[in-house]
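Data block below; observations after.
The values are calculated or read from the model by the stated rules, or taken from the named source; none is laboratory data. All values reported here derive from a predicted model rather than from experimental measurement. No Cβ is skipped: glycine too gets one built from the backbone with ideal geometry, and neighbour counts run over all protein chains shown.
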Amino acid sequence: MQNKNQKVFIIAGEVSGDVLGARIMSQMPDAEFVGIGGENMRVAGLKSIFPMSDLSVMGAVEVLAHARTLMARIRQAVDAILDSRPDVVLTIDSPGFAKSVIKQIRKSEAGRELIENGLRFHHVVAPQVWAWRSKRARKYARMFDKLYAFFDFEVPYFTKYGLDTVAVGHPVAEGLLGKFKVAKKSSDKIITLVPGSRMSEVKRLLPLMRAVVEMLVRNGYSGYKFVIPTVETTKEYVATQTARWAVKPELVPAAKRYDLYNKTYIAIVASGTVSAELAMLHVPAIVVYKMNPVTTWLVRQMIKVRWVSLVNILLGRGVYPEFLGPAANCENVLNAVQQLTIPSKREKMIADLVSADNLWLRPEGVASELIAQGVRNK
C-alpha cells in the first residue's frame, strides 16, 4: 500500500550516501524526512540531528578510537527515531551504525510497539558477502525488512534467507552515464588526487600522494597540474596539509568534481565510490589504499576476491591497477602513471571501461526512483 504523507527517518554516514539520500528525498516530495545526513541532504531539506562526519569512520582500530562518540550518536539516533515515530527507517550504507541503531530499537519496548504499528527498516547497499563473511547475509535478513542491492548477482545471497531484496543498479550511474564526455586528451594534463572522504583514509593517503607529486615533478612531469576535490568532512585538514607541499595542488569543492573528472588525464584515488565514478566516466585511474596494519591483516584473512575496485570485479579483470597496503608506495604508483602516458595502454584502459557501461544501470529505472518506490510501498 502506498502512503502519501509518510515520515521517513533517513541515515547516511558518508558522502556517497548523502548524495543518494538527497536524490531519494527529491523523488518523495510528499514525505517528511528527519534523520542524519550531510550537505546534499541538507540542501534537499533535511535538518540533520548531528553532523554526518561523526559517522565517517572505517576500520576496526579506527572505530575503536571513536567508540565513545559513536555510542553517543547511536543512543541519540535511537531516541530520535522513537520520538519521531517514522513509518520507515531508511539507512544508506554505514552498516555498523545502522545495525547498532536498529538492534536497540528492536530490543526496546517502545521500539517493539512501533514495529507492531507498522514501522519497517529498509537498507541501501548490500554488504559484499560474495567477497567476505558470507554469513552476514543471514544477519541482515534478521535485521532489515527490505534491502536495496546494486546488482542482480547479489540478490540470491539474501533472498535465500527470506530478506526482500531488489537490485536497483549503481546509484552513481544515474548522474553520470551519458551525461559527461571525458576528454581523452587534455591539454592541461590534469592529475586528479582523491585521498578519500573519511579522515582516517585521508591521513594515510595524503603523504603518499604528496610523495608521488613531488617525484613526478622531479622526473620531468613539470607540465602537469595536480588537483584535489575536497569533501566537507576533511576539507580543512586537506587544505592545512597541502599548504605545506613543495608542489601545491589546486583544491576544488566536491560539488565540482565531475567537471574536474571531465578534464582529468589520470586519477590517483582511494578505493571506494570514486573509482566507480571514474570508471563510468571512462577516466584512466590508479587505485590505492592504506589501512591500519591490524585492519589490513584482518581483511586479508577474510577477503575472497582478487580486486577491490568495482569495475575490476564486474569485468573479472584488472582494468584499474590496484595498490593496497604495503604495495601502495611511491614507486608502484609512479610506474603506473608512466604506463598510462603510453597511448596504447591508455586507449586500452578506456575501451575496457566503456565495455562496462551496460553493467551499471537497471532497464526499469534509476536507483533513487526504485528505492523511493520501495519505501512508498513499505
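Points to keep in mind about this one:
- Any hit, the stretch 32-50, residues being crowded, with 18+ Cβ neighbours inside 10 Å, touching a helix residue (DSSP H, G or I) at 6+ places or on another chain (Cβ under 8 Å), at pLDDT 90 or above and more than 28 Å from residue 369 (Cβ to Cβ): no
- Restricting attention to the stretch 133-180, the residues being among the hydroxyl-bearing types (Ser, Thr, Tyr) and assigned to a loop (DSSP other than H, G, I, E, B) number 2.
- Only one entry of 135, 189 meets the criterion of being in contact (Cβ under 8 Å) with a residue 12 or more places away in the chain and of a type in the set (Lys, Arg), and that entry is 189.
- Any chance residue 242 is modelled with pLDDT of 95 or more and either surrounded by 21 or more Cβ atoms within 10 Å (Cβ to Cβ) or more than 26 Å from residue 17 (Cα to Cα) (or both): yes
- Within the stretch 258-282, the set of residues being within 24 Å of residue 323 (Cβ to Cβ) and either without any contact (Cβ under 8 Å) to a residue 40 or more places away in the chain or among the hydrophobic types (A, V, I, L, M, F, W, C) (or both) comprises 260, 266, 267, 268, 269, 270, 274, 276, 278, 279, 280, 281.
- Among (1) over 18 Å from residue 310 (Cα atoms); (2) buried (at least 20 other Cβ atoms within 10 Å of the Cβ); (3) in contact with a Phe, Trp or Tyr (Cβ under 6 Å, 6 or more places away or on another chain) - the single one residue 173 does not satisfy: (1)
- Scanning the stretch 23-54 for residues that are of a type in the set (A, V, I, L, M), touching a strand residue (DSSP E or B) at 6+ places or on another chain (Cβ under 9 Å) and without any contact (Cβ under 8 Å) to a residue 24 or more places away in the chain turns up 25, 44.
Conditions (1) modelled with pLDDT under 95; (2) under 27 Å from residue 6 (Cα atoms); (3) in contact with a helix residue (DSSP H, G or I) (Cβ under 6 Å, 6 or more places away or on another chain), marked per residue:
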| site | (1), (2), (3) |
| --- | --- |
| 61 | yes, no, yes |
| 64 | yes, no, no |
| 73 | yes, yes, yes |
| 104 | no, yes, yes |
| 111 | no, yes, yes |
| 116 | no, yes, no |
| 130 | yes, no, no |
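- Pick from the stretch 79-92, criterion more than 24 Å from the chain's Cα centre (by Cα) and not basic (Lys, Arg), ranking: surrounded by the most Cβ atoms within 10 Å (Cβ to Cβ): 81
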